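The structure under discussion appears below in the form of structure tokens.
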Amino acid sequence: MIKVLGCSGAEFPKHFPPGFLVDGRILFDAGTLNNVLDERDQLKIKDIFITHAHMDHIREIPFLADNIIIGGWKRKVNIFSISPVIKDIKNNLLNSKLWPDMTVLPDTHHAVLSLNTLKAEQPHRIGDYIVTPFKVNHSVPAVGYLVEDQKKRRFFYTGDTGPTDATWRKLGKRQIHCLIIEVSFPNRMGEIALTTGHLTPRLLEKELSKIEAMPGQIYITHLKPQFYKTIKLELQKLGVGNLTLLEEGQIIRV
Ligand SMILES: [Zn+2]
Ligand SMILES: [Zn+2]
């Protein structure tokens with residue numbers, strides 16, 4: 001079960017940056033967390049997989065760590081991503097300037113955060129799930145995550161991505177039951193989408209045609225709320241039957 005904490009490409013009232021919570025304990029992207037989960041639910045989060053180091057995907061990590069320490073809770077949260085993303089979090093966020101280095105606090109033996117490097121395309125077991133990062137095409141190093149349960153039900157979360165051939169090629173013939181894919185801009189902003197590594201409805205249509213086995217359900221994330229109505233209309237015109245625009249608070253069953 002995936003709870004959508006946030007699924008927008010900007011922040012406004014009722015629109016929050018990306019955060020997808022699986023079974024209450026594994027979080028994909030940390031753009032939204034502390035403002036929608038109470039302390040008890042925050043403490044259930046054990047593992048956070050980050051797609052890339054843009055602020056709207058990492059910003060809640062420091063606040064979660066702070067809540068755990070200040071609450072006196074003896075908890076550790078594992079942060080996972082590919083090497084350049086982990087380095088950016090360490091060097092540019094938890095750098096003792098923007099925020100204290102929570103990888104050595106409250107003390108080095110009981111640090112609240114543990115940073116863990118994943119290799120692209122290498123599966124990583126987390127509880128009942130196998131999580132595998134696949135590189136996507138964004139303006140900074142970025143991955144999407146393929147998540148497979150014991151019954152071989154799969155979802156793929158793209159994070160932020162522009163058009164890519166390699167990602168879909170590498171996913172190959174695997175049936176994705178649920179695809180969570182970004183569309184940030186309306187069709188008229190195709191140029192901006194391409195230069196910033198994002199998709200429009202028209203670009204999404206091309207991406208879907210590259211996928212070997214059509215996903216069972218397709219969910220759209222990361223819309224810029226300023227263009228919500230236009231993007232919604234343009235997505236409807238694609239005539240893709242199993243496509244849904246995600247909303248904050250929504251529950252997805254894979
Ligand atoms: Zn981004
Ligand atoms: Zn983003």
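What angle, in degrees between 0 and 90 and rounded to the nearest 10, separates the Cα long axis of helix 61-70 from the longest principal axis of the Cα atoms of the chain?
Result, in degrees: 30.
Cα axis of helix 228-238 to longest principal axis of the chain: angle in degrees, 0 to 90, nearest 10?
In the chain, helix 228-238 runs at an angle near 50 degrees to the longest axis.
To make sure I understand the rule: partners must be aspartates and glutamates, Cα under 15 Å from the Cα of Lys87, and not fewer than 8 residues away in the same chain. Which ones qualify?
Partners within reach: Asp101.
Once ligands and nucleic acids are excluded and a 1.4 Å probe is used, how much of His54 is accessible, expressed in Å² to the nearest 10?
60
Quick one: Karplus J couplings for region 7-12, per residue in order, coefficients 6.51, -1.76, 1.60, θ = phi - 60°, nearest Hz, x for Gly and Pro?
For region 7-12, the Karplus curve yields 8, 10, x, 6, 10, 9 Hz.
³J(HN,Hα) across region 21-32 via Karplus (A = 6.51, B = -1.76, C = 1.60, θ = phi - 60°), whole Hz, x for Gly/Pro?
For region 21-32, the Karplus curve yields 9, 9, 6, x, 10, 10, 10, 10, 6, 10, x, 9 Hz.
Given a cut-off of 23 Å, what percent of all Cα-Cα pairs of the chain lie beyond it? Before the final figure, lay out each step's value.
Values: 15442 of 32131 pairs.
Percentage above 23 Å: 48.
I'd like the distance separating the alpha-carbon centroids of region 115-163 and region 75-112, in whole Å.
Their Cα centres are 21 Å away from one another.
Place +1 on the Cβ of every Lys and Arg and -1 on the Cβ of every Asp and Glu in the chain, take the dipole about the Cα centre, and give the residue among Asn91, Gly216, Val136 whose Cα lies farthest towards its positive end.
Gly216
Might you tell me the accessible area per residue for the chain, computed with a 1.4 Å probe and given in Å²?
Values: 11640 Å² over 254 residues.
Accessible surface, normalised per residue, equals 46 Å².
How high is the FRET efficiency between Lys90 and Glu121 when r is their beta carbon distance and R₀ equals 25 Å, given to the nearest 0.05? Spell out each step's value before the answer.
On the way: r = 23 Å, r/R0 = 0.92.
Efficiency computed from Cβ-Cβ geometry: 0.65.
Along the principal axes of its C-alpha atoms, what lengths does region 67-159 span, in descending order and rounded to whole Å?
If we take the Cα atoms of region 67-159, the spans are 39, 32, 18 Å.
Which percent, nearest 5, of DSSP beta bridges in the chain are antiparallel?
Numbers: 23 of 47 bridges.
Taking every DSSP beta bridge within the chain, about 50 percent pair in antiparallel fashion.
Where does the Debye-calculated log10 I(q)/I(0) of region 154-254 sit at q = 0.13 Å⁻¹, using only Cα point scatterers of equal weight, no solvent?
Once normalised to I(0) and log-transformed, intensities are -0.41.
Using DSSP, restrict attention to beta bridges with both residues in region 68-158 and report what percent are antiparallel, rounded to the nearest 5.
70
Helix-only estimate, please: 222 nm mean residue ellipticity of the chain, summing -39500 (n - 2.57) across DSSP H runs of length 4 or more and dividing by its residues, to the nearest 500. The partial results should precede the final answer.
Working: 8 runs with 62 residues, N = 254.
For the chain, the value works out to -6500 deg cm²/dmol.
Using the Karplus curve 6.51 cos²θ - 1.76 cosθ + 1.60 with θ = phi - 60°, what ³J(HN,Hα) values do you get for each residue of region 76-92, in whole Hz, with x for Gly and Pro?
Couplings: 10, 10, 8, 9, 10, 5, 6, 3, x, 6, 4, 4, 5, 5, 5, 7, 10 Hz.
Normalised by the number of residues in region 27-136, what is the relative contact order in percent for Cα pairs under 8 Å and 6+ residues apart?
Values: 168 pairs, mean separation 24.5, N = 110.
It rounds to 22 percent for region 27-136.
Using only Cα atoms and rounding to the nearest 10 degrees, what angle (0 to 90) does helix 201-210 make with the longest principal axis of the chain?
Long axis of 201-210 versus the principal axis of the chain: about 90 degrees.
Roll a 1.4 angstrom probe over the protein heavy atoms and tell me the percent of accessible area of region 148-254 that is carbon or sulfur. Can you show the working numbers first?
On the way: 2580 of 5120 Å².
Roughly 50 percent of what the probe reaches on region 148-254 is carbon or sulfur.
Amide H to amide H, which residues 5 or more places from Val77 or on other chains are under 5 Å from it, using H placed in the peptide plane?
Those qualifying (amide H under 5 Å, at least 5 residues apart or on another chain) are Leu113, Ser114.
Under a cut-off of 17 Å between alpha-carbon atoms, report the lysines in cross-link reach of Lys224, not counting same-chain residues fewer than 8 places apart.
Lys224 reaches Lys14, Lys232.
What residue among Gln175, Leu204, Val147 has its Cα farthest toward the positive end of the dipole of region 140-210, where the charges are +1 on Lys, Arg and -1 on Asp, Glu, each on the Cβ?
Gln175
The values are calculated or read from the model by the stated rules, or taken from the named source; none is laboratory data. None of these values were measured; they are calculated from a predicted model. Because the Cβ atoms are built from the backbone with ideal geometry, glycine has one as well, and the counts that use them run over all protein chains shown. The area values use the complete protein model at the heavy-atom level, side chains included, leaving out ligands, DNA and RNA. Shrake-Rupley method; radii C 1.70, N 1.55, O 1.52, S 1.80 Å.
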